[in-house]
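Peer 1: Take this structure, written in structure tokens, and hold onto it; I'll ask about it next.
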Amino acid sequence: MATDAWQHARDSALALWRRVHPDRVPAVEAELAEVRAEVIAAREEGDAQAEGDLAADWQRRLRRLLRDDPSLESELRRVLDEELNPLLAPAEQVRIGQVQMNATASGHARVYQAGGNQTIREA
């Protein structure tokens with residue numbers, strides 16, 4: 001991770017925690033430093049699984065934050081969309097988003113929906 005991008009991401013995450021749980025900021029700050037070192041090591045080793053696991057851990061933390069206080073949704077969305085997502089490489093930005101699909105079928109109709117790749121094989 002580039003130093004400037006990492007610093008900005010770290011500062012954004014800490015600002016969110018400072019507003020929500022100021023008492024937890026020192027622990028979150030230490031955890032962010034630790035996870036940065038783990039991400040760097042995973043990238044150097046080409047260990048995409050470890051890097052994905054670290055990302056999943058922070059996704060769980062953010063989900064718990066929202067679960068505990070659903071009123072944070074708009075603030076978290078703003079931090080993700082305006083502060084953190086722009087720091088990602090363009091190829092990584094497309095992974096972040098929201099998909100909502102609705103379909104109605106009647107009679108003999110078929111509906112195929114996918115939020116990503118889809119393969120349909122009919123016999």
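The values are calculated or read from the model by the stated rules, or taken from the named source; none is laboratory data. Everything numeric in this text was worked out from a predicted model, so none of it was measured. Quick note on the areas: whole protein, heavy atoms, side chains included, nothing else; ligands and nucleic acids left out. Shrake-Rupley method; radii C 1.70, N 1.55, O 1.52, S 1.80 Å.
Peer 1: Ordering R64, R19, R36 from largest to smallest accessible area (1.4 angstrom probe), what's the sequence?
Peer 2: Output order, biggest surface exposure first: R19, R64, R36.
Peer 1: Divide by every residue of the chain the summed helix terms, -39500 (n - 2.57) for each DSSP H run of at least 4, and state the resulting mean residue ellipticity at 222 nm, rounded to the nearest 500 deg cm²/dmol.
Peer 2: Rounded to the nearest 500, it is -18500 deg cm²/dmol.
Peer 1: Working with all protein chains in place, sort H8, H21, H108 by solvent-accessible area computed with a 1.4 Å probe, largest first.
Peer 2: Ranked list, largest accessible area first: H108, H8, H21.
Peer 1: First check a/c for region 1-54, with a ≥ b ≥ c the square roots of the eigenvalues of its C-alpha gyration tensor; if it is under 1.5, answer rounded, and if not, answer prolate when a/b is larger than b/c or oblate otherwise.
Peer 2: Because a/c hits 1.5 or more and a/b exceeds b/c, region 1-54 counts as prolate.
Peer 1: Determine the order of I40, I120 by accessible area, beginning with the largest, at a probe radius of 1.4 Å.
Peer 2: I120, I40
Peer 1: Let me ask something else about it. Find the relative contact order for the chain and round it to a whole percent, using C-alpha pairs within less than 8 Å whose residues are 6+ positions apart.
Peer 2: Averaging sequence separation for qualifying contacts and normalising by length gives 21 percent for the chain.
Peer 1: Here is a follow-up. Over the chain, with every protein chain in place, what whole percent of the accessible area is carbon and sulfur at 1.4 Å, could you tell me?
Peer 2: Taking all protein chains in place, the chain shows 49 percent carbon and sulfur surface.
Peer 1: On to the next question. On average, how much accessible surface per residue is there in the chain, in Å², for a 1.4 Å probe, leaving out ligands, DNA and RNA?
Peer 2: On a per-residue basis, the chain sits at 75 Å².
Peer 1: When a/c is below 1.5 the answer is rounded, else prolate if a/b is larger than b/c, else oblate, so apply that to region 1-91 with a ≥ b ≥ c taken from the square roots of the Cα gyration tensor eigenvalues.
Peer 2: Numbers: a/c = 1.65, a/b = 1.52, b/c = 1.09.
Prolate is the answer for region 1-91, as a/c is 1.5 or above and a/b outweighs b/c.
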